[in-house]
1. Within the range A:385-404, does at least one residue satisfy the condition of being within 22 Å of the chain's Cα centre (by Cα), within 30 Å of B:Leu444 (Cα to Cα) and within 14 Å of another protein chain (Cβ to nearest Cβ)?
2. Residues in the range A:360-382: is at least one without any contact (Cβ under 8 Å) to a residue 40 or more places away in the chain and of a type in the set (D, E, K, R)?
3. Check off (1) within 27 Å of the chain's Cα centre (by Cα); (2) in a strand (DSSP E or B); (3) at pLDDT below 90; (4) crowded, with 16+ Cβ neighbours inside 10 Å for A:Phe198 and give me the number that stays unchecked.
4. Please state which one of A:Val114, A:Val108 is within 20 Å of A:Glu427 (Cβ to Cβ), at pLDDT 90 or above and touching an Asp or Glu at 6+ places or on another chain (Cβ under 9 Å).
5. Restricting attention to the range B:200-223, and to residues there that are over 19 Å from B:Arg97 (Cα atoms) and hydrophobic (A, V, I, L, M, F, W, C), which single residue is farthest from the chain's Cα centre (by Cα)?
6. Does the range B:443-450 include one or more residues that are within 14 Å of chain A (Cβ to nearest Cβ), surrounded by fewer than 20 Cβ atoms within 10 Å (Cβ to Cβ), outside any helix (DSSP H, G or I) and out of contact with any helix residue (DSSP H, G or I) (no Cβ under 9 Å at 6 or more places or on another chain)?
7. Among the candidates A:Pro141, A:Pro153, single out the residue that is in contact with an Asp or Glu (Cβ under 9 Å, 6 or more places away or on another chain), farther than 20 Å from A:Ala334 by Cβ, in contact (Cβ under 8 Å) with a residue 40 or more places away in the chain and not in a strand (DSSP E or B).
8. Could you list all residues from the range B:479-503 that are of a type in the set (S, T, N, Q) and within 40 Å of the chain's Cα centre (by Cα)?
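The values are calculated or read from the model by the stated rules, or taken from the named source; none is laboratory data. Note that this is a predicted model, so its numbers are computed, not measured. We place every Cβ from the backbone using ideal geometry, glycine too, and count neighbours over all the protein chains shown.
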Amino acid sequence: MSATKSNYPLWVRAVLGVYRILISLQLAVVLLLLLTLSLIIATTLESRWDTPTAQFYVYRAPWFAFLLLMLGVNILAVALSRFPWKRRHIPFLSAHLGILLLLLGSWVTRQHGVDGLMRVQEAEKQSVAEIDEPQLILRSPQQTRIVPIPWRPPHTGFQPMALPYGLSVEEYLSRAEPVYSFEPSTTEQARPAVQLKFTTKRAMGGMPAMAASHELWLWEGAEEWQSSDAGPARVMLGGARPQSPGPWIWLRAFPAKPGSKSREMIEFEAVSWRQEKTQGKVLLPARGALSGVMLDPGWKAVQIELKNWVPAAFPRTDYQPAKVLYGPKAPPSAIRIRGPRLPDGRMGDLLWLGSGDRATFELGGETIQISYGPKRVLLPFALELQRFQLERYPGSSQPASFSSLVRVEGDGSSQKVHHISMNEPLEWKGFTFYQSSYEDAEPRPTVSIFSVNRDPGRALKYWGSLILVVGIVHFYVARARTRRSGLVQGSSQSVGSSEGSA
Amino acid sequence: MIRVSMMRNEKQIPTRAGVPVLMLLLVLLGLPLGSPQAQGEDRASAIQETKTESLASPQGSAPKEQSQEEPLERSEIAPRGWDFSQWEQVPIQAGGRVKPLAAFAGEVVLHLSSRRRFEGWSPSEQILSLVAQPSAWREKPLIKIEREDVKRQLLLDVSRQRFSVSELFANSALLQYASRMGELESTLAKAPHPNADPREEELKRILDRLTVFHRLVSGEAWTFQPSGEPGGAWQPVARPEQNEERSLREILADTSTSGRIRARFIEVMGAYLAGDEPRFQSAVRELRRLIEDDAIRVEPAFAREIPRLKAERIYLQVRPFHWAWILDLIAAIAFAASAWVASVRSEGQGSRWFHRAGLFCLTLGLILHATGFGLRSYVAGRPPVSNMYESIVWVSFGAVVFSWIIYAFQRARILLGVGSVLGALGLLAADSAPTLMDPGLHPLVPVLRSNYWLTVHVLTITLGYAAFALTLGIGNVTLFQLFRGASERSSDVSRLNQLTYRAMQFGVVLLAAGTILGGVWADYSWGRFWGWDPKEVWALIALLTYLTVLHGRYAGWVGPVGFAAWTVFCFSSVVMAWYGVNFVLGVGLHSYGFSAGGQGAVGIAVLIQLLYVGVVLVTVKRRSKARSS
C-alpha cells in the first residue's frame, strides 16, 4: 500500500515505517497477547494479595494505560488506513470504532469521573463522598494545598517526599495500626495515666499451666481510655465506682498536688469472681522508673504489675506495620511527617498521621493545619438518611433486600423522600447513589453506605458497546453472505482479503 | 418431673402404638437440649449435654422404659418402602422459603451423609426415620469425614470414611474445638469460600451436621407451623425449651392449629414406627391439609404457592437432568456407531438407522433438558443461573442447541455427535457431584434479586461458553482426524475448521455482548461500568484469546492444525473465567458464586486436554517432516 522508495528523505521513510507498524496486524496480535498476559497477572495478584495491590502493579500503572493507548492507536490507524472507506468496510469499521469509543469512554471516566463512597448515619445528613485516593491537605490562613499520596503496597520502598512549607514525608506505611503511648505533658488536658501488666496463670484441659501476660494503658482524660478488659476482668481508672458484678478492679490515681509534700499514690478496689471485695493502695516512689510495684487484689490466678505511672499525661499515637497487610481486613495507610526545620537549625519534629488524623505546625507565626486521609468530594447538596430497612428471607438470617429512605437537601428544599435500594439508584444533579452496603452493629446507629458516582464517559461507553456488538454481528453476517454468494471460496484467509490486506 | 407425670398419663391411653408414641413424646418434648437462640452461642454446652444424654441413655431419662423400647426400635430400622408421595408434599419452610418436604429431606440427607441417598433409604423416609428412631441412627456411621488431617486431629480411625453421631458427640477433641468456635452460621446450603482453610471448614461442617441431626431429633428443624403474619418465620413443631407440663391426652386434644399440627406430626411418626401404613397416609394427608389451610388463612397468596410446591416435588422425583444425560449418552453412542458403520461399509442401511436412533435420543434428551430447565425456573421463580450447578445445566443445554442450529445450516453430522457428548458430559458432571455443585434451590442474595440485566447478561455469557464448548468439541475431533493421518489440507479438516469457525463466531458475539451487558448491569447495580473485577477481567481474557486467534487466522499465521489446537487453549481461559474465578481465585464482587472444591478434577481434565493437544501436534509435525524428507 505504501511502497518504500529509497530516494525518499530519511524522515519520510521513518514516518512510513512507523505507520506500517501501527497499522500492522502483528502489532494488534502482540498487543492483544500482552494485554491478556497482564490481565492474568493482575487477577493472580488480586487473588494472592488484594485489590489495591493489583491496581498498583497493573490496572492503575502507567504502562498499562500505555498498553491500552497503543491498542487504541493501532485500531485507529488500521481504521484510517482503509480510507477511502467503501460500503464493505462498514462492519469492520463499526466493530473497531466501538472499541475506540469504549477506550475513550474509560479514559474520560478515569480523568473526570467521581467514584466514591458515602456513609450516612440514620437521621443524619451527609454531603461528603470519600474517594479511595489518599491525600494530604495543608491548610494555611492564605491557601489550601492538596498533595496526593497514592497508595503503594508494603515492601515497595519509599523515598522521602518533600512537601510545601519545608515539610516532608519521611516514612510510609501501607497498612498501619496505631500504637498508643502516654507521655508527660503540661497541657491543660493532661491527666494521670497508668500502664498495667496482667500475668495470668492457668491450666487448660490437661495441658501444663501457661503464663499469659497482657499489658494495657489506662488514662483518665477520655472515656474510651478509662476502662479496659484484662481477660475476664474489667479494669477502670477514675470515674464513679462500678456497680456491675465482678470481677473488676477500680483504680484511683492521686498525683502530687503542686506545693504539697504528700507522696503520689494509687488506690484500688477489687471484686472477684465470687464477689469478694478487697481494697488496697500503692505508694509511688518520688522519682525514677517503676519496677516490681504490684497491685495485689488477692486473686490467685492473676498478678498485676504497675509498669508505668505518668501523673500528667497526654496520649500520643504512633503507627507500626499492621499484622494484617493484605485483604479487606487490612487497615488503611499512615505517613510520618517531618516538621519544618527549627530556628536553631535542628531537624524538625517527626509526627505520625494515620488515615483521618490531623495536626498543626507553627511556621513563622502562622499555623498550618495538615490532615491525611481519603480524598473527599463535597457534593452541592446533602443526603439525609431517614430510615434504613433490612428484610430477611422468612425463617432465615439471610438478607433478602436492604434499602434506604433518603431526602435530598440542596438549594431547592425538596421534601420528597427517595427510596434507594439494590439495583434502584437515585440520580440527582449528575450524581448517582447506589445502595452499596450497611453497618448494622447493634448499639451504634445504623449506617447506610452508598456508592456515589458521576460518570461523564457513560454515554461514550454505551454507544461504543452498541456499535461494537452490532459491528461484530454485521461482520459475521456479511461474511457468511459473501461466502454463500460464491464470491470467495475456501478457507477464511482468502475471505479475509475482502477487507483489504494488512 | 414433667416427664414422669407424662408417663403416668401415657400408660392409661389404649393406643396401638402406645410405647412408640410415648417415646416420640419424650423425643419431642423431653430432650434436654439448648434452645435455638442458645444453639449458636453455646454450641459446646449443647453438645456436652447431648453427649451425656446419648451416652447415659438415648432418651435422656426413664431408663426403665428405655430398656424395653431399645430393642424394638433397633430391630425395625430398615426402609419400609411405602408410598411416601403424600409425605413428600407436606410444605415446610426452611432455608428462607417454603418447599415440599421432599426438597427439605434431600438437602438434609445430602448435608448429613454427603450423598443423595444413604444406604437405600429415600431421603424423605430417612429423615422421618431419623426423628422416629433416633437412637438407632445415632449409632449408624452416617457422617462422612474425608480429610485425613481432620480425622487425625480428632483421633479417629483414619481408615474409616463414615462416623456415627454418637461417637462424634463423644469425641473430646471435637468438643474442645466446638468450645473455641463460639457462634457460627449454619453451613447447610452454604458454599464454602475458596480461600477458607479447608481443614477448618471440614471441622465446622462436622459440627454443623451434628447440630442439624440434633435439631431434627429435637423437633426444632421441623418448621411446619405457618407464621402468624405474612412473610414471617414458620415455627417448629416442638421447641426443646418448652417443657410444658401437659399430658399426651392434652397435647392430642389441643384444638389450636399449632397443637393440631403437632399432634398430627406425632401421629405420623407413631404410625410410621408401628408400621401402620393406612394410618400413616391418612395422618400425613391431614397434616398437609392443616398446614396448607393455615398458611392460606394467614396469607391468601400462599394458594398460588401450592402448584409450585407440587412442581418442585415432580422436579425432584423425575430428575429430568439425570435422564437427559443418559439419553444424550445413548445418542452419542448411536452417532459414533453410525459413523463407524459408515466408515466400514459405505452406504450402509445400518448407519442411517443408528443415526436416526441418535437423533431420536438427542431430541428426547433435549426436550427433557428443556422441560427440567423450565420446571426449575418455574419453581425458583427466576431463570436458574445463580450457581455452578445451574450454569452447567444451562451451558450443556446451549451446546446441544447450538449443535442443532449449526447442523440445520451446515448439515454436518459430526455436530450432533459433538453436541450429544457435550450435553452428556455437562449433565453427568452436574448430576454426579452434588456435594461440590449444590443442586438445591436457594434464595438469591439481594444484589441478584429482581434484576433483568442480571438474567440477560449471565444467560448471554454462559451461552457464549456453550458455543466455545462446541468449538472445543469440534477442535478435538479435528485433532483426532489429524492424529489418524488426515492431511492438513484435506477437505475433512477444512470442513471441520469451517464448523469450528462458525461456532466460534457465535461464541465471540455472545461473550462480547454478554460481557458488555455485564458492564451495563454493573453500571446499573454497582455504579460503574467496568471495575477490573476478576470475573469481568477473566471474561475479557477469554474474549481476548479468541479475538487473538481469529486475528491470527485472518493473517494466515494460524493454520488448520493450529486453529484446532487453539480451541483447546482458548477454552482453558473459559474454564478459568467460569470455574476458576469462583473456585480458585475467590476474590472480587461476584462473591455470591464462590465455592470450593474440584480443583483436582478440573486441573486433571485441563491437563489431559493439553497433553492430548501436545501429542497430536508432535505427531503431525513428525509426519510432515517425514513426508518432506
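1. no
2. Residues of the range A:360-382 without any contact (Cβ under 8 Å) to a residue 40 or more places away in the chain: A:360, A:362, A:364-365.
Then keep just the ones that are of a type in the set (D, E, K, R); that gives A:362.
Scanning the range A:360-382, I find at least one residue that is without any contact (Cβ under 8 Å) to a residue 40 or more places away in the chain and of a type in the set (D, E, K, R), so the answer is yes.
3. So the condition that A:Phe198 fails would be (1).
4. Unique residue meeting the criteria: A:Val108.
5. B:Val217
6. Checked the range B:443-450: at least one residue is within 14 Å of chain A (Cβ to nearest Cβ), surrounded by fewer than 20 Cβ atoms within 10 Å (Cβ to Cβ), outside any helix (DSSP H, G or I) and out of contact with any helix residue (DSSP H, G or I) (no Cβ under 9 Å at 6 or more places or on another chain).
7. Testing whether each residue is in contact with an Asp or Glu (Cβ under 9 Å, 6 or more places away or on another chain), farther than 20 Å from A:Ala334 by Cβ, in contact (Cβ under 8 Å) with a residue 40 or more places away in the chain and not in a strand (DSSP E or B) leaves just A:Pro141.
8. B:Gln481, B:Asn497, B:Gln498, B:Thr500 - these are the residues of the range B:479-503 that are of a type in the set (S, T, N, Q) and within 40 Å of the chain's Cα centre (by Cα).
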